[in-house]
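One structure is given here, and the rest of the page talks about it.
The values are calculated or read from the model by the stated rules, or taken from the named source; none is laboratory data. Note that the structure is a prediction, hence the values are computed from the model and not measured. Using ideal geometry, Cβ is built from the backbone for each residue, glycine included, and neighbour counts are taken over all protein chains shown. Only protein heavy atoms, including side chains, enter the accessible area calculation; ligands, DNA and RNA are left aside. Shrake-Rupley method; radii C 1.70, N 1.55, O 1.52, S 1.80 Å.
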Amino acid sequence: MKIAVIADTHLGYPRFYEDSFTQAKYAFEDASKKADVILFLGDLYDTRVPSLQILGETISFFRSLKLPVFAIHGNHERRGKGMLNPVELLQKAGLLTHLHFSASTFEKNGEKIFIAGIGNVPDDLTQKAIEKLKQTVHPPQGIFSILLLHQSFKEFVYGEQLSSIHDLESLGYSLYLNGHTHLYKVGMDGKFLIPGSTVLTQLTKEETQPKGYILYDTNSKSSEFVEIPARKFVFEEMEFSDLPPAEISEKIKNKYEELRNQSPDAAIKLRIKGTLKQGFRAGDITFPSHHFFFIDNRLDERKMQAEIGKLREMREQKPPIRELSEKRLRERLGDRITLFDPQEFFEALIEGPEAGMQYLNTQRRDTKPAPDNNYKEAPPK
Ligand SMILES: [Mn+2]
């Protein structure tokens, strides 16, 4: 069986709005011609509550797809219990099977595969999520089994406190597929795969590599990366030494024009480093302005080293504010309250006080434990 693995399409991403649709559609359509089934690894949308415009466009697109789709939600779509996330909405419309601590099977020409999934959970709960899955979903012996995830792992993302991909091995799946990291990666000798995003987002130097999806063959147990046509990304560095702003401005303008002539439609990022001539200020430099041109200004970096160091630390080591707040709420509540999940309550509170109250009310009513096996059947295609 041939399995297409697509992730992080971020439909509606403001900076590259059109690209997010054209590149995702290409990936799904191309996958429909080459595979038997499509697995999607989260962050289909860029926001938890996409606009009707964006939902409408995706609904008609998924209706036109010929292959069944199994999907999890990503961190961009995560919402509290009782609150529908946009990937679940597509399941309600009968367009895909949404998996979250649940599993399904897919069969073609007598070959059956088992697919389990966990939508994104905050990074500090990855370990707990793995334990919870171990209790609730059991991959059957003798069938090719796949786990879909949308998490950060320390092999690919900087962070001492993150889980390792080797923490997954005891779950016993044949293949682990992960979203969230926007670059194509392979781990565990090909048993752990990340297709990366289909659209430019972070504009880091690494994002100059091609965009695409993964095609996995269950017979040969091998995979290939299928490149899709995507907006080119050019990343260049320029270094200056003791130059006045006017001269720097001129050099940047020339460089930009040279790069733009080479790739008229590319997103271009220019990182400028070095030092200004004594007595001048960086504010006097002028930059060309263009929709797809981005400047990373690191002039006089040494002077600002202390501040940049601090910023970098905040960006790389501290989890986002949202996760910090959720964690704090969990810690403060401790074991005192067991009627509801603090993270889910927090999600509800973000929606507003009324949603918070509504969440508490649904929790009071719904006190029965989760079923042992939470299997779902795929909707007929
Ligand atoms: Mn993402």
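Key figures for this structure:
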{"quantity": "Label point distance in nm, Arg15-Lys128, each placed 7 Å from Cα along Cα→Cβ", "calculated": "3.2"}
{"quantity": "FRET efficiency for Gln262 and Asn361, using Cβ-Cβ distance with R0 set to 56 Å, rounded to 0.05", "calculated": "0.40"}
{"quantity": "Set Lys33/Lys108; Lys108/Lys134; Lys2/Lys108; Lys34/Lys221; Lys211/Lys273; Lys2/Lys66 screened for pairs whose C-alpha atoms are more than 19 Å apart", "calculated": "Lys108/Lys134; Lys211/Lys273"}
{"quantity": "Structure-based [θ]222 nm, the chain - -39500 (n - 2.57) summed over DSSP H runs of at least 4, per residue, nearest 500", "calculated": "-9500 deg cm²/dmol"}
{"quantity": "Choice from Arg78, Arg281, Arg330 showing the highest fluctuation, given a GNM over the chain with Cα pairs closer than 10 Å", "calculated": "Arg281"}
{"quantity": "Gyration tensor (alpha-carbon) shape descriptor, the range 1-123, a/c threshold 1.5", "calculated": "oblate"}
{"quantity": "Where only C-alpha atoms are counted, convex hull volume of the range 198-252 per residue in Å³", "calculated": "108"}
{"quantity": "Label point at Leu84 placed 7 Å out along Cα→Cβ; residues across the range 51-73 whose backbone nitrogen lies under 20 Å", "calculated": "51-64, 69-73"}
{"quantity": "Rounded if a/c under 1.5, otherwise prolate or oblate - the range 103-209, Cα gyration tensor axes", "calculated": "oblate"}
{"quantity": "Residue-normalised accessible area of the range 2-227, expressed per residue, 1.4 Å probe, Å²", "calculated": "39"}
{"quantity": "Ellipsoid equivalent to the range 156-210 - semi-axes via the Cα gyration tensor, in Å", "calculated": "23, 14, 8"}
{"quantity": "Kirkwood-type radius of the chain, with distances r between different C-alpha atoms, in Å", "calculated": "22.9"}
{"quantity": "Within the chain: Cβ-based charge dipole about Cα centre, in debye rounded to nearest 20 (Lys, Arg +1; Asp, Glu -1)", "calculated": "480"}
{"quantity": "Within the accessible area of the chain (1.4 Å probe), percent carbon and sulfur", "calculated": "50"}
{"quantity": "Inverse of mean 1/r across different Cα pairs in the range 2-227, Kirkwood, Å", "calculated": "17.4"}
